[in-house]
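Note sheet for the following structure.
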Amino acid sequence: MRKFLLFFIIIAVGVIFIFRLFYLQVYTPQTHDLYEDNAIRKVFDYPKRGFVFDRNGELLVSNQPSYDVMFIPREVKPLDTLEFCELLKINKDQFIEIYNKAHRYSPWLPSVFIPHLSKEDYAALQEKMRKFEGFYIQKRSIRYYQTTIGANVLGDIGEVNNAIIEKQPYYKMGDLIGKQGIELSYENTLRGVKGIKFIQKDRFNRDIGPYKNGIYDTLPKPGEDITITIDATLQAYGELLMQNKHGGIIAIEPSTGEILTMVSTPTYNPNLLVGRQRSVNFSKLYNDSISKPLYDRGLQAMYPPGSPFKILNALIGLQEGVVTTEDRFSCNHGYSYGGRKMKCHSHSSPLAMNGGIYNSCNAYFANVYRRIIDKFKDPAIGMDIWSNHVKSFGLGNYLNNDLSVGQPGKIPNSQTYDQLYGKNRWGSTYNLSNAIGQGEVLTTPIQLANMVAAIGNRGYYYTPHIIKKIEGETIDPKYTTPNHTTIDKQYFEPIVQGMFDVYNYGTAAAVQIPGIEICGKTGTAENFTKINGVKTQLTDHSIFVAFAPKDNPKIAIAVFVENGYWGSRFAGRIASLMIEKYIKGYITRTDMEDWILTHSLENEYAKPYSGEPFGINGATTLQVIPLDESLRSKKPDSITKQ
């Protein structure tokens with residue numbers, strides 16, 4: 001029996017192997033995974049990223065060649081690290097750190113050792129690459145921003161991290177992805193599809209040619225070109241006017257919802273975030289806690305809207321039937337209630353709706369607001385009706401747009417005050433600041449621009465968006481479908497007339513533009529911060545919203561200038577100049593342009609750190625800077641091109 005035992009063992013092992021091989025090669029549904037095969041080297045062929053054009057066909061973003069030093073950790077042989085580091089302009093500690101990071105990611109997969117070599121560095125290294133086994137050079141294209149403007153609009157691309165790779169397996173270590181702006185919003189459209197080549201290796205780990213004659217290789221698919229809605233000339237002019245100021249400008253074409261300009265200042269040159277210096281430059285921008293150049297104030301900053309919000313209360317009052325255009329309210333330098341007084345500037349009294357708008361009377365709108373909230377026995381019902389009307393203008397939400405960042409703002413409802421004061425324990429006087437755009441109301445500049453576009457359209461708006469055309473595709477129909485407000489069309493005309501009279505007789509009379517009928521509304525919003533733990537009032541914000549022309553408007557705009565004193569001082573001037581620039585193409589109010597270009601607010605932004613007093617309630621200390629004639633709007637090329 002023993003002499004047959006070995007024979008049976010051999011037969012049994014053979015049968016097991018046969019069945020196992022049959023299972024692996026015939027029965028199992030799994031196929032040979034080329035990506036996991038260590039005997040096959042994968043070489044990615046990166047596609048050309050799509051170009052970006054402005055609405056007038058001006059090329060804003062293209063590509064330039066770049067060279068990445070790649071390596072596979074397990075294939076690296078002993079080398080002269082001193083020579084290698086000198087060629088790459090790094091030190092030995094950096095070499096070790098990069099190698100260890102890639103080895104932890106995968107010893108068998110390619111990783112980027114040094115990205116974005118210049119042509120000069122590439123030429124010097126290419127001659128000696130044979131000396132450094134395991135390393136090779138991979139050519140790809142990186143972005144070239146053909147303008148110095150619109151950094152917040154265009155965004156940038158950067159290397160993927162492990163979190164992105166885990167969520168999106170398409171990306172591998174060293175791949176580039178849109179990080180901000182258009183580059184992020186339309187990443188899938190712009191990036192294209194990578195091609196790949198599979199290279200067979202022998203048992204000595206040497207390349208011996210394409211795997212199976214290249215039948216599994218694929219060619220890269222270039223990214224698609226896109227046209228965005230931004231007007232590059234208007235964007236450049238807006239950034240020029242906002243030099244030495246913090247804030248945002250959003251301009252929209254009311255008939256389409258296309259965003260014409262999206263200024264956020266302070267800003268930066270988008271080419272700072274390209275190439276080997278991207279990481280260093282990004283850190284500098286990110287750590288600038290005063291200017292915050294990476295913070296898009298037009299989309300992310302939530303401010304009290306101030307007096308522009310009053311026109312919504314007028315519309316809601318008319319819709320709810322609690323006020324007519326002829327009802328008059330007295331103003332004795334403000335509105336007194338509950339032992340307090342909401343102050344107002346000097347003007348004639350009493351006022352009907354038209355005068356209330358163009359004089360921006362706080363008392364008038366306090367009365368209207370109270371009538372809305374107190375229309376029902378339960379103020380909670382009035383508050384929710386008011387809140388729903390306001391939200392129908394796109395306030396209090398993200399607007400469902402195609403922008404990479406944003407904030408929802410805040411529009412209170414009855415639940416807000418139930419939580420603050422308790423159910424049935426509050427009334428209209430508890431939140432009267434909502435009447436004048438203060439209190440619990442917060443909005444972003446893009447929301448205010450959208451709100452005024454809806455007013456210019458007499459009751460509807462198109463979702464603001466930045467995509468105009470994608471090569472070979474149609475844009476999402478949600479951008480061509482109108483969103484209707486809860487206010488009936490007939491109630492808009494008296495409001496539009498009141499905004500028109502803001503320029504004729506009211507708070508914007510000094511910033512008129514000859515030949516253009518502009519409807520606008522000034523705003524001044526209180527501004528608080530904490531200094532050493534103490535709530536401190538800073539210089540007021542300057543706000544202005546407008547659309548033009550009065551009928552069939554071509555542009556709706558919101559301007560927000562931090563610490564800008566009052567509405568017409570900075571924001572009103574800037575809005576009027578932007579409107580003239582867009583509609584006429586040139587500037588006639590050079591006096592107003594000169595004033596904006598020569599007045600800086602940098603000293604205001606330094607005051608929380610310097611201890612100087614703030615300009616509140618009409619203080620007029622301003623930093624005046626010499627006007628550089630080369631910056632006049634008559635020479636736009638000098639500010640739009642590098």
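The values are calculated or read from the model by the stated rules, or taken from the named source; none is laboratory data. Just so it is clear, the model here is predicted, and its values are computed rather than measured. Note: ideal-geometry Cβ built from the backbone for every residue, glycine included; neighbour counts use all protein chains shown. Side chains included, ligands, DNA and RNA excluded: accessible areas come from the protein's heavy atoms. Shrake-Rupley method; radii C 1.70, N 1.55, O 1.52, S 1.80 Å.
Out of the residues in the stretch 521-540 meeting the condition of being farther than 14 Å from Asn359 by Cβ and crowded, with 18+ Cβ neighbours inside 10 Å, tell me which one is modelled with the lowest pLDDT.
Per the criteria, the residue is Asn527.
Counting just the residues of the stretch 554-572 that are open to solvent by 10 Å² or more (accessible area, probe 1.4 Å) and either of a type in the set (Asp, Glu) or modelled with pLDDT of 95 or more (or both), which one comes out farthest from the chain's Cα centre (by Cα)?
Per the criteria, the residue is Lys554.
Taking the conditions exactly as written (open to solvent by less than 10 Å² (accessible area, probe 1.4 Å), under 41 Å from the mean Cα position of the chain (by Cα) and among the charged types (D, E, K, R)), does Lys194 satisfy them or not?
Taking the combined requirement at face value, the residue does not satisfy it.
Residue by residue through the stretch 24-67, note down the ones that are at pLDDT 80 or above, in a strand (DSSP E or B) and not aliphatic (A, V, I, L, M).
Hits for the stretch 24-67 are Phe44, Asp45, Phe53, Ser62, Asn63, Gln64, Pro65, Ser66, Tyr67.
Mind telling me which of the residues Phe570, Phe492, Phe547, Phe500 ends up being in contact with a Pro (Cβ under 6 Å, 6 or more places away or on another chain), among the aromatic types (Phe, Trp, Tyr) and outside any loop (DSSP other than H, G, I, E, B)?
After ruling out the rest, the residue left standing is Phe547.
Within the stretch 362-413, which residues are in a loop (DSSP other than H, G, I, E, B), open to solvent by 70 Å² or more (accessible area, probe 1.4 Å), closer than 30 Å to Leu154 by Cβ and in contact (Cβ under 8 Å) with a residue 12 or more places away in the chain?
Asn400
Scanning for something open to solvent by 20 Å² or more (accessible area, probe 1.4 Å), closer than 18 Å to Thr444 by Cα and either touching a strand residue (DSSP E or B) at 6+ places or on another chain (Cβ under 6 Å) or of a type in the set (A, V, I, L, M, F, W, C) (or both), does the stretch 302-324 turn up at least one residue?
Yes, the stretch 302-324 has at least one match.
Just wondering, is there one or more residues in the stretch 380-387 that are at pLDDT 95 or above and either touching a His at 6+ places or on another chain (Cβ under 8 Å) or of a type in the set (Phe, Trp, Tyr) (or both)?
Yes: the stretch 380-387 contains one or more residues that are at pLDDT 95 or above and either touching a His at 6+ places or on another chain (Cβ under 8 Å) or of a type in the set (Phe, Trp, Tyr) (or both).
Starting from the stretch 326-349, keep only residues that are within 18 Å of Gly437 (Cβ to Cβ), then list their pairs with residues that are surrounded by fewer than 13 Cβ atoms within 10 Å (Cβ to Cβ) and among the charged types (D, E, K, R) whose Cβ atoms are within a distance under 7 Å, requiring at least 6 positions of separation or different chains.
Cβ pairs passing all conditions: Gly334/Lys343.
Using beta carbons and a limit of 6 Å, which pairs, at least six apart or on different chains, have the first residue in the stretch 77-103 and in contact (Cβ under 8 Å) with a residue 24 or more places away in the chain and more than 19 Å from Ser118 (Cβ to Cβ) and the second one of a type in the set (A, V, I, L, M, F, W, C) and outside any helix (DSSP H, G or I)?
Pairs that qualify, where the first residue is in contact (Cβ under 8 Å) with a residue 24 or more places away in the chain and more than 19 Å from Ser118 (Cβ to Cβ) and the partner is of a type in the set (A, V, I, L, M, F, W, C) and outside any helix (DSSP H, G or I), are Leu79/Phe132.
Considering the stretch 414-439 alone, what residues qualify as being within 25 Å of Ile543 (Cβ to Cβ), open to solvent by less than 40 Å² (accessible area, probe 1.4 Å) and in a loop (DSSP other than H, G, I, E, B)?
Those that are within 25 Å of Ile543 (Cβ to Cβ), open to solvent by less than 40 Å² (accessible area, probe 1.4 Å) and in a loop (DSSP other than H, G, I, E, B): Gly437, Gln438.
For (1) hydroxyl-bearing (Ser, Thr, Tyr); (2) surrounded by fewer than 17 Cβ atoms within 10 Å (Cβ to Cβ); (3) within 14 Å of Arg191 (Cβ to Cβ); (4) in contact with a strand residue (DSSP E or B) (Cβ under 9 Å, 6 or more places away or on another chain), each residue gets a yes or a no:
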{"site": "Phe113", "(1), (2), (3), (4)": "no, no, no, yes"}
{"site": "His116", "(1), (2), (3), (4)": "no, no, no, yes"}
{"site": "Gln126", "(1), (2), (3), (4)": "no, yes, no, yes"}
{"site": "Ile137", "(1), (2), (3), (4)": "no, yes, no, yes"}
{"site": "Val153", "(1), (2), (3), (4)": "no, no, no, yes"}
{"site": "Glu166", "(1), (2), (3), (4)": "no, yes, no, no"}
{"site": "Leu176", "(1), (2), (3), (4)": "no, no, yes, yes"}
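Which condition from (1) at pLDDT below 95; (2) assigned to a strand (DSSP E or B) is the one that Trp595 breaks?
(2)
When you check Thr148 against the structure, is it open to solvent by less than 60 Å² (accessible area, probe 1.4 Å) and under 30 Å from Thr233 (Cα atoms), yes or no? Break it down into steps so the answer makes sense when it comes.
On the way: open to solvent by less than 60 Å² (accessible area, probe 1.4 Å): yes; under 30 Å from Thr233 (Cα atoms): yes.
Taking the combined requirement at face value, the residue satisfies it.
Looking at (1) over 26 Å from Ile228 (Cα atoms); (2) out of contact with any helix residue (DSSP H, G or I) (no Cβ under 6 Å at 6 or more places or on another chain), which is the one condition that is false for Gly437?
With (1) over 26 Å from Ile228 (Cα atoms); (2) out of contact with any helix residue (DSSP H, G or I) (no Cβ under 6 Å at 6 or more places or on another chain) applied to Gly437, the lone miss is (2).
Mind checking whether some residue in the stretch 201-209 is open to solvent by less than 60 Å² (accessible area, probe 1.4 Å) and either in contact with a helix residue (DSSP H, G or I) (Cβ under 7 Å, 6 or more places away or on another chain) or on the phi > 0 side of the Ramachandran plot (or both)?
Scanning the stretch 201-209, I find at least one residue that is open to solvent by less than 60 Å² (accessible area, probe 1.4 Å) and either in contact with a helix residue (DSSP H, G or I) (Cβ under 7 Å, 6 or more places away or on another chain) or on the phi > 0 side of the Ramachandran plot (or both), so the answer is yes.
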